[in-house]
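Take a look at the structure set out below.
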Ligand code: 5AD
Ligand code: SF4
């Protein structure tokens, strides 16, 4: 294996699963001598880790590939540039990418990143044959993740992949395959190794993370699969890990044990991202969400009973086919009842191949934009009010990096808010108590009350 230094540029689109996967790709390529570069100019290997969730995702990838072509031509004289397309567009388009964009040397789907070294070698030998978009998820995790490089104090750990829900707007079940959970032993080994490298906070990731049903730790095979609540309590026992989060959950997969974990596991941060997508039962049904608005509210009520200060976050889609003014009002009504600490909202856009794209009653773009503006104003007010309610409170903040101004630190509250404070750089990587003095829509600021570390 050659270990001459080579420059690697990875462009990551989309979700945290892709951020995690890009980091794992770096890990498998480091032993081959690849070092991260900030720009594609002069890189030996460029990887576009793509996302298929937004409209025209594939088109955006093709135009990025067009921009890379002159860079590849320039590099031809000095060793050449290998261009790889990874991620969900790779999964969805497969060999078509190399046909349409001959600049591409290899295509690799989300489940086969551990084969990258092999695929790169194959691309160098015989262009046009380096394609691997199989769904061999078990293999992927067997081979990735045991020796991660870390930056900072917070890390993502994938515990579950794929989705069987088939919401009618969403492409994920087609690109990421069926639900699958990693075995508990493997997850714990990865988190222990992260803790040894200084990681204080882990976010357990999965497209349907609360559908987690991982094989129990070895020696406890008679127990049956573990749910997410049990996994969270187990991760809380790992020395050095002081904060646990997870994302993204589906209302259908909520169980009482996970709700109870918020009451009995102080290291589980009081922040819950639970997308609902719409507030009208008619639209929820047409989206195939498999729950009603009242069922969603009932879950929020149970979460708040278990952990009264829990911050609720969500995702909302505006203008799904058939959405009337009354349906939109139902969405606003649900938002008022939940009172979100933060919520992402999107205009519905068609994903080729999904049932929603074929529905005849599409909503006019102008109507979608007008409704989105109304919703976002309400959400923005709720977020501002949530942040303002922190003023006067003392919160434990995990300091992650220096702030933008000299002598400032940037950290996160338990509720995932950005917090800025004046303080010594030695506090970075630690949890300190901050008295919150000011709040804006996007962040909090205050002053240190001491440098005491605490579990939450
Ligand atoms: N149109 C708009 N938003 C979408 N999302 C997923 N698919 C679509 C689509 N076709 C949003 C959902 C999901 C988030 C990750 O992206 O709200 O929860
Ligand atoms: Fe997509 Fe629905 Fe699965 Fe979430 S639950 S990944 S929105 S199909």
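Quick one: which residue in 332, 372 is in contact with a helix residue (DSSP H, G or I) (Cβ under 7 Å, 6 or more places away or on another chain), farther than 30 Å from residue 448 by Cβ and either outside any loop (DSSP other than H, G, I, E, B) or free of Cβ contacts under 8 Å to residues at least 12 places away in the same chain (or both)?
332
Where residues in segment 161-185 are in contact with a strand residue (DSSP E or B) (Cβ under 8 Å, 6 or more places away or on another chain) and either outside any loop (DSSP other than H, G, I, E, B) or farther than 30 Å from residue 236 by Cα (or both), which of them is farthest from ligand 2 (Cβ to nearest atom)?
That would be 184.
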Checklist entry - Within segment 315-329, can you find the residues that are within 10 Å of ligand 1 (Cβ to nearest atom), surrounded by 16 or more Cβ atoms within 10 Å (Cβ to Cβ) and outside any loop (DSSP other than H, G, I, E, B)? => result 316, 317, 318
Checklist entry - Taking segment 113-141, which residues are at pLDDT below 75 and under 30 Å from residue 205 (Cα atoms)? => result 130, 131, 132, 133, 134, 135, 136, 137, 138, 139, 140, 141
Checklist outcome for this item: Within segment 243-269, restricting to residues that are part of a loop (DSSP other than H, G, I, E, B) and either out of contact with any strand residue (DSSP E or B) (no Cβ under 6 Å at 6 or more places or on another chain) or under 19 Å from residue 335 (Cβ atoms) (or both), the one that is farthest from ligand 1 (Cβ to nearest atom) is 266
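Can we say residue 158 is touching a strand residue (DSSP E or B) at 6+ places or on another chain (Cβ under 9 Å) and at pLDDT 85 or above?
Details: touching a strand residue (DSSP E or B) at 6+ places or on another chain (Cβ under 9 Å): yes; at pLDDT 85 or above: yes.
Criteria met by residue 158.
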Checklist entry - Out of curiosity, is residue 186 farther than 25 Å from residue 21 by Cβ, away from ligand 1 (no atom under 16 Å from the Cβ) and free of Cβ contacts under 8 Å to residues at least 60 places away in the same chain? => result no
Next on the checklist: For the structure I just gave you, tell me whether residue 173 is under 19 Å from the mean Cα position of the chain (by Cα) and surrounded by fewer than 20 Cβ atoms within 10 Å (Cβ to Cβ).
Outcome noted: yes
Next on the checklist: Looking only at segment 52-64, how many residues end up being modelled with pLDDT of 85 or more and either within 16 Å of ligand 2 (Cβ to nearest atom) or in contact with a helix residue (DSSP H, G or I) (Cβ under 6 Å, 6 or more places away or on another chain) (or both)?
Outcome noted: 1
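The values are calculated or read from the model by the stated rules, or taken from the named source; none is laboratory data. If you're wondering where the values come from, they're calculated on a predicted model, not measured in any experiment. Glycine gets a Cβ as well: all are built from the backbone with ideal geometry, and neighbour counts include every protein chain shown.
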